Amino acid sequence: MAFDYSNKIFVITGAAGGIGTHLAREFAQAGATVVALDLNETKAKELVASLPGEGHLAIGGDLTDRDHIVSSLTQIDSTFGRIDVLIPNAAITTTDRFDERSSESIERELDINLTAPLVLMNKAIPLLRKSSDPRIVTTVSLGGIFPLGETPMYTASKFGLRGAILSLALDLEQKGIKVGAILPSATDTPMLHREAVEGGNSLQFLDPPQSTEAVLKSFRKMLDKPTYERYPKPSESWLVRAAMLAPNALPKLMPLFRGRGEKGHAKFLADLEQRGLARRAGDQWELIED
């Protein structure tokens with residue numbers, strides 16, 4: 001049966017980002033009430049002001065601050081009394097190489113991508129239990145299946161999050177809460193634009209980055225027909241899952257993947273340039289800021 005969005009309370013983290021913004025607009029258009037959580041409070045408020053319907057709420061703050069998680073949930077409780085759908089979506093990545101970055105940056109990336117979402121889910125359980133049909137749908141990544149050499153902490157966080165969500169799906173299903181994950185490959189968002197101009201990971205560009213609409217479609221399918229995992233681009237998911245059947249063969253496979261990815265990376269940069277989103281700066285690339 002099609003999911004009924006009317007009067008449902010959707011809580012989305014990273015709501016002012018590329019995928020988050022599209023999710024908020026999609027669900028608000030369908031009749032849901034959106035709570036937009038984002039580090040950038042100004043952008044969260046601007047997003048909420050642009051959404052169709054009434055009663056949406058913007059909350060700005062850092063989810064690595066545990067007190068902020070508690071205060072956010074307290075505000076949601078006092079305003080709405082429940083959460084129907086929780087979407088932990090916020091994440092970061094960096095092109096800083098592992099052997100060159102600080103331990104503090106390693107801990108922060110793991111916190112934002114892995115620990116904070118799990119703490120939020122844990123603290124949100126009482127509000128989810130007040131819903132007649134509670135759901136948790138998490139944005140993971142194909143990076144939660146296949147190792148990305150240039151971004152090991154992103155890979156670590158997504159491997160961990162995928163495993164945790166599968167475990168929670170098994171546990172919470174018995175307690176009335178449906179849990180699942182969306183595993184997108186590279187998606188045409190501002191985060192990917194920045195990663196592309198900063199060097200990024202060539203494996204992100206094996207195929208042209210998918211549109212946010214493809215990711216939205218997977219979220220809609222997940223709500224209509226809950227399952228543990230959905231992949232916006234199934235062909236890529238089969239490729240990486242097949243490759244991981246023999247991890248010891250990765251040294252031989254990587255040059256094949258990387259060559260194709262480097263060509264895709266160059267094409268994506270050229271596309272960004274044509275769209276007026278990036279430009280060459282000597283031997284480097286840079287984003288064109290609004």
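Just so it is clear, none of the values below were taken in a lab; they were calculated from the coordinates. The model shown is predicted, which means the values in this text are computed figures rather than measured ones. All Cβ positions, even for glycine, are placed from backbone atoms using ideal geometry, and neighbour counts span all protein chains on display.
At what distance in nm do the modelled label points of ARG260 and GLU54 sit from each other, each positioned 7 Å from its Cα along Cα→Cβ?
5.3 nm
Round to the nearest 10 and give me the degree value, 0 to 90, for the angle of helix 116-128's Cα axis relative to the longest principal axis of the chain.
Compared with the principal axis, the helix lies near 20 degrees.
With angles folded into 0 to 90 degrees, how steeply does helix 66-80 sit against the dominant principal axis of the chain? Use alpha carbons for both and round to 10.
50 degrees
Report the antiparallel proportion of the DSSP beta bridges in region 9-285 as a percent, rounded to a multiple of 5.
DSSP beta bridges in region 9-285 are roughly 10 percent antiparallel.
Which GluC sites (Glu not before Pro) does region 22-86 hold that lie in a coil by DSSP with at most 11 other beta carbons within 10 Å?
Qualifying residues, ordered by number: GLU54.
List, in order, the whole-Hz ³J(HN,Hα) value for each residue of region 33-46 obtained from phi through the Karplus relation with A = 6.51, B = -1.76, C = 1.60 and θ = phi - 60°; use x for Gly and Pro.
With the stated coefficients, region 33-46 comes to 9, 10, 9, 9, 9, 7, 4, 8, 5, 4, 5, 4, 5, 4 Hz.
Taking R0 as 25 Å, what FRET efficiency do you get between ASP4 and LEU118 from their Cβ-Cβ distance, rounded to the nearest 0.05?
0.30
If I model a spin label as a point 7 Å beyond the Cα along the Cα-Cβ vector, how far apart are those points for ALA249 and SER71 in nm?
For ALA249 paired with SER71, the spin-label model returns 5.3 nm.
Going down the table (LYS178/LYS217; LYS45/LYS267; LYS221/LYS267; LYS178/LYS233; LYS45/LYS233), which pairs top 28 Å between alpha carbons?
Beyond 28 Å between Cα atoms: LYS45/LYS267; LYS221/LYS267; LYS45/LYS233.
If r is the Cβ-Cβ distance from ALA281 to ARG25 and R0 is 35 Å, what FRET efficiency results, to the nearest 0.05?
Taking R0 as 35 Å, the efficiency between ALA281 and ARG25 is 0.60.
Once amide H atoms are placed 1.01 Å from N in the peptide plane, what residues at a sequence separation of 5 or more from THR138, or on another chain, have their amide H within under 5 Å of its amide H?
GLY180, ALA181, ILE182
Please compute the Kirkwood hydrodynamic radius of region 9-285 from all pairs of different C-alpha atoms, in Å with one decimal.
About 19.4 Å for region 9-285.
Could you state the angle between the C-alpha long axis of helix 250-274 and the longest principal axis of the C-alpha atoms of the chain, as a value from 0 to 90 degrees rounded to the nearest 10?
Helix 250-274 sits roughly 80 degrees off the main axis of the chain.
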